[in-house]
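No lab work stands behind these numbers, since they all come straight from the coordinates. Because the structure is a prediction, the values reported are computed rather than measured. Glycine gets a Cβ as well: all are built from the backbone with ideal geometry, and neighbour counts include every protein chain shown.
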Ligand SMILES: Cc1cc2nc3c(=O)[nH]c(=O)nc-3n(C[C@H](O)[C@H](O)[C@H](O)COP(=O)(O)OP(=O)(O)OC[C@H]3O[C@@H](n4cnc5c(N)ncnc54)[C@H](O)[C@@H]3O)c2cc1C
């Protein structure tokens, strides 16, 4: 098997990894990005049609799919090798093993992102395997005419609800707390879509049905009342967990939420291994992923080229 030699290898081709590749390439570092699923990360996989409203430089918004395309083009134009392959092993010395490809790097940048967390509802795993429980909404049209329960109260849950508006027959948002965590929120009740119900202080206890999802058993956390909401599908938006399994053996320091601990230059506890984006950031946003990528590229440059002016 051919072994490729790079200055920098980046694991993950989402906003963080592709931006790091663009910044490294512009510094003439020989750079590769490995992507095991789809270029653009969450933006392409979870919500390509979503309008991103909070990315500076796009004041009228930009579709997630288009933004992902720009990140991809930026990495390509900066001269990075974009390798479609999942990384299976990373050694502390910078040896990277993927299916059919091996590479060495002077600096490794981890940009593996995060995965949707389970909500631990009875029946969730069984129906997730059979289709009926989902963790993302890549194509809202799939839910046309359906009754959908969305579990969660953060930005992702609210974003799912908004994208299903006018498509799903009825959407019920259920959240354990007394208020939503989302910073976007909904219009006042009178102005809301009539097909939206919001259940606060309520827990989704069990997904009901035999062959397919037929409803969700709820518990009112105030008075303990149990009631069922008819549903054809459940979308879980219970937060995200960093993808750290790949490099568990590297012994990187992680915090209580499983996020890789870094300093302001994205250095981890292991020399020449940096981490950027959702895998390490408490603030999971595109702009923070991009900003961290810029810092990591600078750190990689200083490590590899050791310029006289940095001494
Ligand atoms: C539904 C939803 C809506 C959102 N909306 C917004 C928004 O409007 N504005 C905003 O600022 N943020 C938004 N976010 C957050 C934003 O998408 C993330 O912060 C951003 O995508 C993080 O980029 P990343 O590159 O770190 O991770 P990701 O986008 O998760 O990309 C990581 C990539 O690494 C790859 N990977 C993982 N392991 C390996 C491996 N072993 N080998 C090779 N590749 C690997 C994955 O396949 C993935 O493509 C949203 C998130 C969600 C879930």
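Rounded to the nearest 10 degrees, what's the angle between the helix 286-305 long axis and the longest principal axis of the chain, both from Cα atoms, 0 to 90?
Once rounded, the angle reads 20 degrees.
Starting from the alpha-carbon convex hull of segment 118-236, give the projected area averaged over all orientations, in nm².
Reported value for the Cα convex hull: 7.0 nm².
Using r as the Cβ-Cβ distance of residue 263 and residue 165, and R0 as 51 Å, what FRET efficiency do you calculate, to the nearest 0.05?
It comes to 0.75.
If you build a Gaussian network model of the chain, linking Cα atoms that sit under 10 Å apart, which residue out of 79, 25, 57 swings the most?
Judging by the Gaussian network model, the answer is 57.
How much length would be gained if the chain were fully extended between residue 84 and residue 285, taking 0.36 nm per residue of separation minus their Cα-Cα distance, in nm to one decimal?
So the extension gain works out to 70.0 nm.
Per DSSP H run of n ≥ 4, the term is -39500 (n - 2.57); total these for the chain, divide by its residue number, and report the mean residue ellipticity at 222 nm rounded to 500 deg cm²/dmol.
-6500 deg cm²/dmol
Could you give the length gained on full extension between residue 128 and residue 249, defined as 0.36 nm per residue of separation minus the Cα-Cα distance, in nm?
Fully extending the segment from residue 128 to residue 249 adds 40.6 nm.
Using only the alpha-carbon atoms, how far is helix 15-26 inclined from the longest principal axis of the chain? Give it as 0 to 90 degrees, nearest 10.
Approximately 20 degrees, to the nearest ten.
Using Cβ contacts closer than 10 Å as the measure, can you line up 39, 265 from fewest to most?
Starting with the residue having the fewest Cβ neighbours, the order is 265, 39.
Compute the whole-percent fraction of alpha carbon pairs in the chain spaced more than 38 Å apart.
Summing the P(r) tail past 38 Å for the chain gives 22 percent.
With label points built 7 Å along Cα→Cβ from the Cα atoms of residue 193 and residue 302, find their separation and express it in nm.
4.8 nm
Let me check I have the definition right: for segment 1-127, take the eigenvalues of the Cα gyration tensor, multiply each by 5, take square roots. What are those semi-axes in whole Å, largest first?
27, 22, 11
Spin-label point model (7 Å from Cα, Cβ direction): what's the residue 58 to residue 139 distance in nm?
About 2.2 nm separates the two model spin labels.
Please report, for the Cα atoms of segment 205-311, the Rg to one decimal and the Dmax as a whole number; what are they, in angstrom?
Gyration radius and largest Cα-Cα distance of segment 205-311: 21.9, 70 Å.
Helix 155-164 versus the longest principal axis of the chain: what is the Cα-based angle in degrees, 0 to 90, to the nearest 10?
60 degrees
May I ask what percent, to the nearest 5, of DSSP beta bridges between residues of segment 118-236 are antiparallel?
Of those bridges, close to 40 percent are antiparallel.
I need the Debye-formula profile for segment 95-140: one equal scatterer per C-alpha, no solvent, reported as log10 I(q)/I(0) at q = 0.19, 0.25 1/Å, two decimals.
Calculated log10 I(q)/I(0) at the listed q: -0.75, -0.94.
Grab the beta carbon distance between residue 271 and residue 66, set R0 = 30 Å, and tell me the FRET efficiency rounded to 0.05.
The computed FRET efficiency comes out at 0.20.
How high is the relative contact order of the chain, given as a whole-number percent (alpha carbon pairs under 8 Å, six or more residues apart)?
It comes to 20 percent, rounded to a whole number.
Counting DSSP beta bridges in segment 1-139, what percent are antiparallel, to the nearest 5?
Of those bridges, close to 35 percent are antiparallel.
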